[in-house]
Amino acid sequence: MARNKVTVVGAGNVGATAAQRIAEAGLADVVLIDIVEGLPQGKGLDLAESAPVIPHDARIIGTNDYADTSGSDVVVITSGIARKPGMSRDDLLSTNAGIVRSVVQAIVQHSPDCILVIVTNPLDAMCHVALEASGFPRERVIGMAGVLDSARFRTFIAMELGVSVEDTHAFVLGGHGDTMVPLPRYSTVAGIPITELMTPERVQALVERTASGGAEIVALLKTGSAYYAPAAAAFEMVEAILQDRKRVLPCAAYLTGEYGVDGLYVGVPIVLGARGMERVIEIELTAEEQAAFQKSAAAVRELVEAMAAIASAAG
Ligand SMILES: NC(=O)c1ccc[n+]([C@@H]2O[C@H](COP(=O)([O-])OP(=O)(O)OC[C@H]3O[C@@H](n4cnc5c(N)ncnc54)[C@H](O)[C@@H]3O)[C@@H](O)[C@H]2O)c1
């Protein structure tokens, strides 16, 4: 049986690291594609040359030609630019929306049945662009954010309590970034809610550190942003899909009434398997959690509306 095929669009930090993880796990053959000539070819060849040492048999190539991506089962979109000094949020929004739109259009021509995993920021808004540009059903356009946010929360919980990360589980809802909504009462260590293991002040401190987890890394790196954990999170989603694992993971999903939200990508727990997003898992929220969730959804709606306004102004 042929190995699955995964294309990673964007051979930058997140894309190349995700490609490495996928190939080294033997999960799929990988095509790394980027707009910059030579970059994906160089990284692809370098990764291929590490295969005998790892060892693994996955084929990995780099290219600038979308024909090479044809027949991909899953496509991870990481292409975009980072915000540069002097660039407004709207500039970034419209530049990355243009990039994501054009790459998704090229991808679907060659892989009409693929599942899209979106990584490019601003995440929730880019999911909207990809859904529209692909014409795919919502089940096949899913955003990566919650897995990363909850991995950060789990890391901080494990550090705080001196326990294995394996025994920590975290539950986060909402948009990616500042308005993310971690749910401490559903975040557990071996099934015990963390609210029983630490003071409300410490829980709050970890929640705040998680919400600004991306900024903490940017401040340390100074140039560039996090990529090891984001790539690991994208890998986990790709694996859940290709191995039909029915993992329950927090992902950006297009809601059609769930959690009282209609027509918007927001982070919620979903069942992720061979058909992509197979189901949204809905839970009862307290009034306070519901308010935080609605605030997060409103922030996503604001971005989507800003994007529409920029697009119509551009004619
Ligand atoms: N969702 C998340 O939780 C999360 C986490 C980390 C990073 N990100 C986002 O992922 C994206 C990638 O981050 P990175 O650190 O890898 O950035 P990076 O700058 O290292 O890589 C981006 C790559 O995209 C390529 N690119 C630009 N335009 C392209 C086009 N039209 N077609 C193909 N490739 C194109 C660039 O050449 C570059 O190699 C950013 O938008 C970042 O904000 C999201």
Candidates GLY62, GLY98, GLY44, ranked by Gaussian network fluctuation over the chain, Cα under 10 Å, top entry: GLY98
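Counting other Cβ atoms within 10 Å, keep those with at most 10, restrict to DSSP loop, and tell me which GluC sites (Glu not before Pro) in the range 207-315 are left.
Values: sites: GLU208, GLU216, GLU236, GLU239, GLU258, GLU278, GLU282, GLU284, GLU288, GLU289, GLU302, GLU305; in loops: GLU282, GLU284.
Those satisfying the criteria are GLU284.
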Over the chain, equivalent-ellipsoid semi-axes from the Cα gyration tensor in Å: 30, 24, 19
Dipole moment magnitude, nearest 20 debye, the chain about Cα centre, only Lys, Arg, Asp, Glu C-beta charged: 200
Under 5 Å, built H, 5+ apart or other chain: amide partners of SER187: PHE171, ILE194
In range of the label at ALA306: residues from the range 199-231 whose backbone nitrogen is under 17 Å from the point 7 Å along Cα→Cβ: 215
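Note the full-extension length gain between MET87 and SER70 as 0.36 nm times their separation in residues minus their Cα-Cα distance, in nm to one decimal. Before the final figure, lay out each step's value.
Values: separation 17, 0.36 × 17 = 6.12 nm, distance 3.49 nm.
Length gained, MET87 through SER70: 2.6 nm.
Summing -39500 (n - 2.57) over the DSSP H runs of n ≥ 4 in the chain and dividing by its residue number, what mean residue ellipticity at 222 nm do you reach, to the nearest 500 deg cm²/dmol? Each step should come with its number before you reach the end.
Values: 9 runs with 137 residues, N = 315.
Value at 222 nm, helices only: -14500 deg cm²/dmol.
How much length is gained if the chain between ARG3 and ARG185 is pulled fully straight, taking 0.36 nm per residue apart and subtracting their Cα-Cα distance, in nm to one decimal? Mind dumping the intermediate values first?
Details: separation 182, 0.36 × 182 = 65.52 nm, distance 4.08 nm.
Result for the pair: 61.4 nm of gain on full extension.
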Neighbourhood charge, 15 Å Cβ-Cβ cut-off, centred on SER312 and excluding it, Lys, Arg +1 and Asp, Glu -1: -2
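With the convex hull built on the Cα atoms of the range 197-251, state its orientation-averaged projected area in nm². Walk me through the numbers before you get to the answer.
Numbers: hull surface 21.8 nm².
Its Cα hull, projected and averaged over all orientations, spans 5.5 nm².
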For the range 187-315: Kirkwood Rh in Å [reciprocal of mean 1/r, alpha carbons]: 17.5
The range 60-124-the range 247-294 distance, computed between alpha-carbon centres (Å): 23
Links that overshoot a 31 Å alpha carbon limit, given the list LYS5/LYS84; LYS84/LYS246; LYS84/LYS295: LYS5/LYS84; LYS84/LYS246
GluC sites (Glu not before Pro) lying in DSSP loop within the range 12-113, provided at most 12 other Cβ fall within 10 Å: GLU37
Pairwise FRET efficiency - THR223 versus ILE192, Cβ, R0 = 35 Å, nearest 0.05: 0.30
Extension gain, ARG59 back to ARG202 (0.36 nm per residue minus Cα-Cα distance, nm): 46.9 nm
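Taking R0 as 22 Å, what's the FRET efficiency between SER164 and ILE283 from their Cβ-Cβ distance, rounded to 0.05? Let's see the in-between values first.
Details: r = 26 Å, r/R0 = 1.16.
With R0 = 22 Å, the Cβ-Cβ based efficiency is 0.30.
Quick note: the coordinates plus some simple rules give every number you see, no bench work behind them. As the structure is a prediction and not an experimental result, all values here were calculated from the model. Here the Cβ is made from the backbone with ideal geometry for all residues, glycine too, and neighbour counts use every protein chain on show.
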